[in-house]
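Reading through the structure tokens given below for one structure.
Rule-based calculations on the coordinates, nothing more; no lab input. Since the model is a prediction, treat every value here as computed from it, not as a measurement. Don't worry about glycine lacking a Cβ; one is built from the backbone with ideal geometry, like all the others, and counts go over all protein chains shown.
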Amino acid sequence: MTVAEGESPTHDSPTHDSRAYESAESEDQARGLQQDLVRDLDGEVQFDAYTRHLFARDASMYAITPMGVVFPRHADDVAAAVAAAAAHRVPVVPRGAGTSLAGQTVGPGLVLDLSRHMNRIVELDPGSGTALVETGVVQDQLNRAAGPWGLMFGPDTSTSNRATIGGMIGNNSAGSGSVRYGMTIDHVRELDVVLADASRVPLGRVEEAERAHRAAQPTLEGALYRELPEIVRANATAIAEGFPEHWRRACGYRLDRLAREDTPFDLAKFVVGSEGTLAVATSALVDLVPKPRRTVIAVGHFTSVAGAIAGTQDALACDPAAVELMDRTILDLSRHKIEYAALGDILEGKPEALLFVSFTGDEERELLDRMHRLTKLWSRHGHGYHTLQAVTPAQQSSLLKVRKAGLGLLMAASEGTRRPLAFVEDTAVDPAHLADYTRRFKDVLDRHDMTAGFYGHCSVGCLHIRPYLDLTDPADIGRMRAVAEEIKDLVAEYGGVNSSEHGDGLARSEFNREIFGEQLYEAMRQVKRLFDPEGILNPGKIVDAAPMTESLRDASLPPAAPLRTRLSFEVVGAGGGAGAGGGMRAAADRCMNIGLCRKSGSGAMCPSYMATRKEEDSTRGRAGALVKALSEPDPKAALGDERLHEILDLCLMCKACKSECPLGVDMATLKSETLSHYHDIHGVPLRTRLFGAIRLLNRLGSATAPLSNIPGRIAPVRRLMDRVVGIAPQRPLPVFVRRNLLRWHKRRRRALSPQHPVTQGTVTYLADSFTTFTEPGIGRAAIQLLERAGWQVRLESGCCGRSSLSKGLVDDAKNKARQLAHTLQQSTESGSPIVGCEPSCLMTLRDEHRSLLPDDAAVKDVAGRVRQVEELLVEAVDEGRLRLRNDSWLAGRKLLYHGHCHQKAEVGTAATVALLNRIPGVTVSELDAGCCGMAGSFGFESEHYEVSMTVGEDRLFPAIEAEAADTVVVATGVSCRQQIFHGTERNAWHPVELLWEAVEGAG
């Protein structure tokens, strides 16, 4: 086990106050607990200030700094941690992915992160339709394992790519398909838990004889089986009458389940939804359900939210699997994000709201009949103005992506310091009352002058409505409480529930006495005391809660001290929200901890988290660390902190967070700025200077080739480079080419006349710092293709500054950006396109240059003229200016394409895929393999080599190795091609090389 170095374990973060548990203030107590944990646990123990800060937050509006964090490796570690905490009278907060929206997973004391190590699928039994999993297993992880057997875990949360089974058990999560599959409580068979006395016990259904046997034991477990039936009997009337009428409940303790006379005594289901206040679940036996073979989706377009809700009853009459509402707020936000923008291309007009109605089953004809029936019903009753029918997976892709990201996109809709906050967003009423309930809900918001986005599960009457508030404003805090109380009364009037799938937590527990009534609430308090006599298990949730307005995240942040930055964070925060105009801290504090950066198995964000599974290696972990540093009295000094540097170190600067994070947290830009301040304080290392001057090094390497390629093949020289500079000896070095692109082009310019007529004007080709000197064939292919397409090609060989920026040499990058932008503006025709073949360099002109020099007219002009070379070539093929032959060696081949991260983040890969599809006779498959792991210089650095390879081995290498030998691997990035060859021994082609192979008369 390891202990993180850093500040004193009891040094309070300046941003959050450990105010809820007085005993957590004792320095001796913290030191003693830490020592015991280090002695007794196999897992990691971290009490440093940065780790504590990162675990002070979840996806809610709350923040409480814990005393420390442990990462148990197994159930015995959990028991040892609970025992140590109990001995020191320190509360314990169990935590999965930390995506709770009501504050369940923040609290003082000791946080148990069960997601990092306890994530094994122990057994999957297709015959019985069950799976035994550790509680850190992610829902999509389980579904991927169960999928080949035609099974899945029923509850379908929008956070399925990062939500853990343990977290779902804690909250009694549901999701879009709950009308068919119910809630988590309906799928849990057995649990292994650690009780408050640190005993490990199994929970599940027991017959009366077994219950009586266990009740006779003189243990805490025995007391549960002995006294719980008495609590149920003594409060039978209150239990029968006190629970809300609506079935979709994630609130209180489920005494109603124990009161059922037709089922055996079942403590496993009883603790579901208890938010870690009764026991810590370490493993679970869960039921799986048959996975439907087909899905079809009808998307109704409506002119108002009310109109969409009015169409719900028609949808329910057609037996759907889900009915989801999404309002224009989310639609508008999706249009500004490359990751989700495809939805806007398939919608009809500008709807104010959409209703997604999914039909699932095994027979497509039956599903289509139901979808067509719904379309007719809506038309007959005048609901909506258009229905989009999505039948194939390709048609459904953009729909499902936005639906899954709906809540995250809604959280991105900040207005300055006003955020959409989750405090009344989990109510549910009978769908028959939903239209009237929603109207009155909106009346409450209007009366308090609040705006909000609407999203939710209309099939079960659940709406996620998040009003915009500024929690640094005491008046807004008062308005929040007033609205919470009015909505609580309104939902009760309709027989609904205040917490329908997101739980009580810190946001709603305060109201449980009034919701359940005095007697039932006191019975719940008895339950808590029975399970947890000393009150150490996640205190202050469900019962005995503090007011909902305590421990608010934004209210606890001090004003940001002035900090002069080299980069503009107006660009980072573009589109509104906390990052717009608020400087560097606001750019980091855009993160609302929704945790999409903790996903695995899809997308590119966040590659280092996928490799390490460490919270601090996720985008939100790094953003949280920066918020802490930038909240210090001297933020510039704090940016030089070694622990902060350690947290940011494994960021590959892939920029995936900029596009995949719904809130657009741009960690690459934030890291560049931080590194520049780190260098101010500690100096610039030799390796950083070398990589920052990569164009000069590559140019020298080309000029002295082939001699310059010899050192890379000599083992003693490579070992010396490792010791002196820190370049990994395992990593092959680029091979320099003496006849580089610049020399080739210079010779060609001596020709008296162009070989092809110029019909399209002039295009400038950016000769990047990498392919120019190591893979000039790519540039030659691109230039010749452009010339054949009717362009006059001008070559520009300046440096964009990408390598300098990635190493934190921001001033140097700024100088290079200014020089290149002004050269391009002055030497090119106004409005003429600028293209290139290396995405990292080309996209730097579009993005980072505007952050480096936001007021420079030349930068703005050049950025607006950047186009992908693939775009021009696709146009040329479609217009007949480039003629392709059908008998090239590519005919009949499969092309497996891996896109560059920066390309995905800035413009997407559609143009490249379109170009590849223009080649006659090929089949194109685009990989969803994330980042390659190379990331420019990152993969060359000795201390990063293993992480770099682990990232590649996650999905990219296996996907390529699974392909037939004649499959052609394609990659746009030079780093990607290097990594692919090193990891798989397969050569990867650039798309323009393949197009050149297929052009008539090429050679």
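Below, the figures for the structure above:
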{"quantity": "Distance from segment 926-968 to segment 183-254 (C-alpha centre basis), Å", "calculated": "48"}
{"quantity": "Extension gain (nm, one decimal) between E879 and K860, 0.36 nm per residue minus Cα-Cα", "calculated": "3.8 nm"}
{"quantity": "Radius of gyration and maximum dimension Dmax of segment 294-399, Cα, Å", "calculated": "13.1, 37"}
{"quantity": "Lys/Arg +1, Asp/Glu -1 at C-beta; segment 334-472 dipole; positive extreme among T387, F356, I465", "calculated": "T387"}
{"quantity": "Protection proxy ranking, peptides 369-381, 287-299, 970-982, 600-612, average beta carbon neighbours within 10 Å, highest first", "calculated": "970-982, 600-612, 287-299, 369-381"}
{"quantity": "Order of T619, T219 - criterion: other Cβ atoms within 10 Å of each residue's Cβ, fewest first", "calculated": "T219, T619"}
{"quantity": "Charged-residue dipole, Cβ positions (Lys, Arg, Asp, Glu), the chain about Cα centre, Debye nearest 20", "calculated": "4440"}
{"quantity": "Label-point separation in nm, H213 to E123, each point 7 Å along Cα→Cβ", "calculated": "1.9"}
{"quantity": "Magnitude of the charge dipole, segment 121-290, Cβ model with Lys/Arg +1 and Asp/Glu -1, debye to 20", "calculated": "280"}
{"quantity": "Relative contact order (%) - criterion: Cα under 8 Å, at least six apart; region: the chain", "calculated": "10"}
{"quantity": "Subset of K746/K894; K528/K628; K614/K671; K671/K816; K337/K671 violating a 25 Å alpha-carbon distance limit", "calculated": "K746/K894; K528/K628"}
{"quantity": "Pairwise centroid distance, computed over Cα atoms, of segment 793-859 with segment 460-533, Å", "calculated": "53"}
{"quantity": "Mean-position separation - Cα centroids, segment 887-916 and segment 725-790, in angstrom", "calculated": "20"}
{"quantity": "Relative contact order %, segment 724-783, counting alpha carbon pairs below 8 Å whose residues are six or more apart", "calculated": "51"}
{"quantity": "Ratio of Rg to Rh over the chain (Cα coordinates, Kirkwood Rh, two decimals)", "calculated": "0.98"}
{"quantity": "Inter-probe distance in nm under a simple model that places probes 7 Å from Cα toward Cβ, at F981 and D634", "calculated": "4.8"}
{"quantity": "Förster radius 30 Å - calculated FRET efficiency between D436 and H386 (Cβ-Cβ, nearest 0.05)", "calculated": "0.70"}
{"quantity": "Peptides ranked, highest mean first, by Cβ atoms within 10 Å: ranges 241-252, 870-881", "calculated": "241-252, 870-881"}
{"quantity": "Most to least packed among 104-110, 841-847, 439-445, 547-553 [average Cβ atoms within 10 Å]", "calculated": "104-110, 841-847, 547-553, 439-445"}
